[in-house]
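For reference, the structure discussed in these notes is given below.
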Amino acid sequence: MPTKRVAAWVREHPVAADGALAVLLAVISLIALFVRAPIEHMPPPGPLAVLLVLLVTLPLTWRRRHPLWINLGVGAVSAVYGASPYPDLVTPVALGGVVALYTMVAWCGRTVSVVVGVLTGLSVAVVSLVPATDADLLDVAFTALLLAGAWVLGDSARIRRAYTAELEARAELLARERDFEARRAVAAERARIARELHDVVTHHVSMMVVQAEAGPVLAERDGEAAERTFDTIAGIGRQAMTEMRRLLGVLRDEDQPGEEPAREGAFAPQPGLAQVPDLIDQARRAGVRAELQMDGRSGPLPAGVDLSAYRIVQEALTNVVKHAAGARVRVRVRHTDRDLHIEVHDEGSPSEHDGRVMNGEDRDGSGGQGLIGMRERAHLFGGELTAGARPGGGFAVIARLPIGGPR
């Protein structure tokens, strides 16, 4: 953990980190200068030697901001120091020059790195010929290997950084594509829900028209029946207005291109919980051991809630048939005074019990769009839906739909 914190700090404060490195190299180089001078029987270092050491190390503070120019400057000062009658700073070539070369290769392009690398090699050869350096073949070979190693390490760092940047770009692109697909799935499901609500509203309006046409006749023959008829019209109208508000909420965004137009003239009501037993029979015929349990009062539900409940059970059973054929599934529908609760639990197929339990999107069978659709239906009425693998195996879909609409 401390290592990760240090690495994060270095990434967030590159100049400060490079400054600390420059100061450290300066201290090490000055210590080497003053310690090696008497060992090599040289006079005490003067201000010029100290200045050259500082010019070789301290500019590394900006090595990542200006890698090429810092390398050229530090490299030139290193060559001047190497040609001067001063002792080696730890190694035959100044450490600051090695770090500057590594940084330049790591942050500049391959062409620039090759050109500067060749120039660096020529500089080492020229400086080694200066009599004041007193360099032998071993010193030249060691210097060449050190600089070549710095060049290779810098090139590897550049390649690794470019590869990491490409992976990050691909990951970002995939994330954007997943978000786009999720938004497209939500839009498609909302369009489907809107078409179904359109049918519900159309059915309500058609019933209102039929009742209104019969009203005048009943008013002449039976006043009480006419009054009940107009009460019925008012009730149906209120339901139609509620469904219309929901329809407009679903269509708050513009129509998505490529969607099928809403069906016109569909006057038949949409399915509801009354047709859930038919879904159970279909699942049984598909090989699923399905059971249905309905608790609580079973009074009339708002048309939209009734339709959404049916679609949630239908989608959940479809997923069981696709991914857990032969499994046992229990469907429970429970009415309360304020909510409608739906639970679909399956025990999973034998292949899933082998340890390959699928996640929510895999069990969904449509890249997550079926689960998105069920959640959209629940959220449309102010409810909630959860779906996921069960601890003991299998899958569970649990939904709650407020009977009175969004709260």
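The values are calculated or read from the model by the stated rules, or taken from the named source; none is laboratory data. Keep in mind the model is a prediction, meaning the values are calculated, not measured. Cβ placement follows ideal geometry from the backbone for every residue including glycine, while neighbour counts extend to all protein chains displayed. What goes into the accessible areas is simple: the full protein's heavy atoms, side chains included, and nothing from ligands, DNA or RNA. Shrake-Rupley method; radii C 1.70, N 1.55, O 1.52, S 1.80 Å.
How much length would be gained if the chain were fully extended between PHE180 and ARG160, taking 0.36 nm per residue of separation minus their Cα-Cα distance, in nm to one decimal?
Contour length minus Cα-Cα distance gives 4.2 nm.
Per residue of segment 111-125, in order, report the coupling 6.51 cos²θ - 1.76 cosθ + 1.60 (Karplus, θ = phi - 60°) as ³J(HN,Hα) in whole Hz, putting x for Gly and Pro.
Here the 3J(HN,Hα) series is 4, 4, 5, 5, 4, 5, x, 5, 4, 5, x, 5, 4, 4, 5 Hz.
Roughly speaking, what is the stretch gain from LEU292 to VAL115, that is 0.36 nm per residue apart minus the C-alpha to C-alpha distance, in nm to one decimal? Kindly include the intermediate steps, with their values, before the conclusion.
Values: separation 177, 0.36 × 177 = 63.72 nm, distance 7.80 nm.
Separation in residues times 0.36 nm, less the Cα-Cα distance, equals 55.9 nm.
Apply 1/(1 + (r/R0)^6) to the Cβ-Cβ distance of ARG285 and THR91, taking R0 = 56 Å, and write down the FRET efficiency to the nearest 0.05.
Values: r = 82 Å, r/R0 = 1.47.
The value I calculate is 0.10.
Tell me, what HN-Hα J-couplings in whole Hz come from the Karplus equation 6.51 cos²θ - 1.76 cosθ + 1.60 at θ = phi - 60° for each residue of segment 187-192, using x for Gly and Pro?
5, 5, 5, 5, 5, 5
Could you sort HIS335, HIS345, HIS41, HIS13 by their accessible area in this structure, using a 1.4 Å probe and putting the largest first? Numbers along the way, then the final one.
Details: HIS335 20, HIS345 40, HIS41 170, HIS13 75 Å².
Descending accessible area places them as HIS41, HIS13, HIS345, HIS335.
Amide H neighbours of THR336 under 5 Å, counting only residues 5+ apart in sequence or on other chains, H built in-plane at 1.01 Å?
HIS341
Find the relative contact order for segment 25-121 and round it to a whole percent, using C-alpha pairs within less than 8 Å whose residues are 6+ positions apart.
Numbers: 102 pairs, mean separation 31.2, N = 97.
Answer for segment 25-121 is 32 percent.
With Cβ to Cβ distances under 14 Å as the rule, what net charge do the other residues near GLY296 carry (K, R +1; D, E -1)? Could the numbers behind the result be given before it?
Values: positive: ARG297, ARG332, ARG334, ARG338, ARG400; negative: ASP295, ASP337, ASP339, GLU343.
After counting each charged neighbour, the total is +1.
Classify segment 1-126: rounded, prolate or oblate, from the alpha-carbon gyration tensor (a ≥ b ≥ c, eigenvalue square roots; a/c under 1.5 rounded; otherwise prolate if a/b is larger than b/c)? Kindly include the intermediate steps, with their values, before the conclusion.
Details: a/c = 2.48, a/b = 1.30, b/c = 1.91.
It is oblate, given that a/c is not under 1.5 and a/b is not larger than b/c.
Give me the accessible area per residue for segment 37-111, probe 1.4 Å, as a whole number in Å². Display every interim value, and only then the final one.
On the way: 3600 Å² over 75 residues.
About 48 Å² of surface per residue is accessible.
Ranked by accessible surface with a 1.4 Å probe, highest first, in what order do TRP69, TRP107, TRP151 come?
Numbers: TRP69 180, TRP107 120, TRP151 55 Å².
Largest to smallest exposure gives the sequence TRP69, TRP107, TRP151.
What is the extension gain from THR386 to ARG334, computed as 0.36 nm multiplied by their sequence separation minus the C-alpha to C-alpha distance, in nm to one decimal? Don't skip to the end; give the middle numbers.
Working: separation 52, 0.36 × 52 = 18.72 nm, distance 1.63 nm.
Going from the current span to full extension adds 17.1 nm.
Compute the signed sum of charges (Lys and Arg +1, Asp and Glu -1) over the other residues within less than 15 Å, Cβ to Cβ, of LEU173.
Numbers: positive: ARG170, ARG176, ARG178; negative: GLU166, GLU168, GLU172, GLU177, ASP179, GLU181.
Result for the local shell: -3.
Counting only residues 5 or more places away or on other chains, whose amide H sits under 5 Å from the amide H of LEU292 once H atoms are built in the peptide plane?
Sorted by chain and number, the residues that satisfy this are VAL331.
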